[in-house]
Structures are given as C-alpha cells and as structure tokens.
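Structure record follows, encoded as structure tokens.
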Amino acid sequence: MILQDKVALVTGGTSFDYIVIGAGSAGCVVANRLTEDPNTKVLLLEAGGPDTKPELQVPNLWPTTLLGSEVDWAYLTEGEPYLNNRKILSSRGKVLGGSSSINGMIYIRGNERDYNSWQALGNIGWSYQDVLPYFKKSENQQRGASLFHGVDGPLSITDPLSPAKVSQRFVEAAQAQGYEQNPDFNGVQQSGAGLYQVTVKDGKRQSTAVAFLRPIKDRPNLTIQTGALVTRLLFEGKRAVGVVYVQNGTEYQVRVNWEVILSAGASILLNCSCFLELDQLNICGQGIPVVFDLPGVGQNLQDHPLAVIAYQSTQDVPLAPSSNGERLGYFCIPTII
C-alpha cells in the first residue's frame, strides 16, 4: 500500500521543500546547510538506523563495524580480472553519518589535478580553487587557519593524540629511503611520507552525523526518518517530484515542492527509476519504461583501493585518554604517497 499523504502523517500537514535521500557524508551536510533558512523545510531519509552504537564513537573499534555488520551494506565488487577474479568487499555505511560513521577517519581530500581536470571537461565550478573554500568552511583545523585550512567549521580535524612509536619509525624509514616528509597531505602537495590527520575530537569519532546533524536535529524545519529505504523516484516528465520509500514494512510516497537531492546509492536508485542508458535496461528488469535516456549513469565509478598489511607488535601500544578520562584511542596510520 502507498500512503498518498505521508507528509501529513509525518509532520501534521507540513509540506517539504527538499527531500534529501541518504544521511551520509554528504546528506548530513546538505540537511544542515539547507535548514539554516528557517523557512526551508527538509525531509532527510536514511535507510539505516541512528548512530547510537558505542563502537561507532570509539575510533579503535571501527573494524568491528565492517564485514556485514548491521551498519554496513557490505557490497561486493564484480570479479576483479587482475585479482584472480576475486570479489572485493566494498563497505558502505548503513547508519546516520553513512560511511563517515564506519570508516578509518582519515582526513584527506582529492588531488588538485583531479578537480582541475573535471573543470577542463566542462564542469564549471569544480576546479580546485573553486572547491577549496568549501573544504575550509567545513573544517575546524587543530593547527589553525591557513591558506588550505579553516577553523570555523563544525568538523574537527586533529593530529593523532599519541602516535605509536612504530608509526613514527615508519615515517623515519621512508625518509631514509629518500621520501620527503609531508606533515600535511591536504596542503601544498600530497606526495611524501607522514601521518594522516583524522576526523576525531576528544578521542571520539567525528562523523558528519556528529558534526553536522546532531547539533541541529531539533530544528523545527528538519524531519529525520531512519529505517527509510527509498526504492524509486517519482517523475513528472524529466523532473523528479517525489520519492517512494519503505519503512517498517509499509510503502510511502512523498512529493516535494522544489528538489529531490540524491546523496545515497545514486547509480542504483537512478537505474531502478529507469533514468539510464537504454542498453542497461536489464538492470531495471522487464517492462519498465525509460524516463530519460542518459548515457553514463552508473558508469565510471572510481574508488580508492586500500591494501592492508597487518603485523603483530611485541610492545604495548597505549590508548590515548579523552578529555573525560576514558581510554579512547585510535589507529595512527602512516603512509607514503
């Protein structure tokens, strides 16, 4: 059953100006920014649950949130031809904060040349100089303001509280091999060896849900629905005018005044709404009409591969205390780029 007036059911008759699909790394930020205007009403839909589990707050416990836990979609890639056709785990957050609630908390931006290449391809406004002010706006940088960093944003960026000796020696060994030490992978250059900064505050994870959503969750113009799995978009012609989602086994339909903002599962959801290339109809199944033949949807996805090497340490690595005295440490990951 589709309830034609889910709006009234949720908010007592209030209509929504924006519907944001996915309360992840992007959706929490979008909901925060939009609702700064008290006259703008926003519905934020998240398929996962609230971020209340203790392991989501303790940085050292982030591996326990992966591998098919209830807060991880646990996607698998297709068979990788250069890896003996193995399927590789591609974890994605299924919780408020999305992947920022389960990742390794490393704070690192895209490469400057990637942004500039996007603009060169015709995407005006996507050069590195165009996007840098938005990075700075979001940042509360422990080291202070600079050409590349800001201090007035809600997202805390900090140095490791107590980096392990083995991490420091790794960087020293890299320098001995000729790699230049790099204290800031989000600064002048990204090459070199050093320690990552992390999205951690007082020894606890700073997901986008913690930084951007939790402080404004009680705004009267913001409605947050968890456990709400969006199954398709509603169109009038080529314009999205609403969504259909399932919550607690019931299917609901909600329409929007202005825009539907898609910040979760973009390729999958657009394909299931038949907003895709004609030759990909097998993704939607049989007998579903195409809304918009748009080449490129669902293609050219790029992710950052990570090869993990684990060692057993013969020395104890103490956890750093937080401001309230709890022992809440986190991994200090050295790197060479």
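The values are calculated or read from the model by the stated rules, or taken from the named source; none is laboratory data. None of the values given here were measured: they were computed from a predicted structure. A quick note on method: Cβ atoms are made from the backbone with ideal geometry, for glycine too, and the neighbour counts reach across all protein chains shown.
Just one of the listed residues (Leu96, Leu66) is touching a Pro at 6+ places or on another chain (Cβ under 7 Å), surrounded by 12 or more Cβ atoms within 10 Å (Cβ to Cβ) and touching a residue at least 24 places away in the same chain (Cβ under 8 Å), and it is Leu96.
Listed by position, the strands (runs of 3 or more DSSP E) contained in segment 173-236 that have at least 3 residues being at pLDDT below 95, out of contact with any Ser or Thr (no Cβ under 8 Å at 6 or more places or on another chain) and among the aliphatic types (A, V, I, L, M) are 228-236.
In segment 244-269, the residue that is modelled with the lowest pLDDT out of those that are surrounded by 17 or more Cβ atoms within 10 Å (Cβ to Cβ), among the hydrophobic types (A, V, I, L, M, F, W, C) and in contact with a helix residue (DSSP H, G or I) (Cβ under 9 Å, 6 or more places away or on another chain) is Ala264. Val131 meets the stated requirement of being among the β-branched types (Val, Ile, Thr), in a helix (DSSP H, G or I) and either surrounded by 14 or more Cβ atoms within 10 Å (Cβ to Cβ) or at pLDDT 95 or above (or both). The set of residues in segment 230-243 being surrounded by fewer than 17 Cβ atoms within 10 Å (Cβ to Cβ) and touching a residue at least 40 places away in the same chain (Cβ under 8 Å) consists of Thr231, Phe235, Lys238. All conditions in (1) of a type outside the set (S, T, N, Q); (2) in contact with a Cys (Cβ under 9 Å, 6 or more places away or on another chain); (3) more than 27 Å from Val58 (Cβ to Cβ) hold for Arg219, with the sole exception of (2).
Scanning segment 212-229 for residues that are touching a Gly at 6+ places or on another chain (Cβ under 8 Å) and crowded, with 16+ Cβ neighbours inside 10 Å gives Leu213, Thr226. Here segment 53-107 is the region considered, the condition is being in contact with a helix residue (DSSP H, G or I) (Cβ under 7 Å, 6 or more places away or on another chain) and aliphatic (A, V, I, L, M), and the residue that is modelled with the lowest pLDDT is Leu61. Restricting attention to segment 169-183, the residues being more than 27 Å from the chain's Cα centre (by Cα) and either touching a residue at least 60 places away in the same chain (Cβ under 8 Å) or surrounded by 19 or more Cβ atoms within 10 Å (Cβ to Cβ) (or both) number 4.
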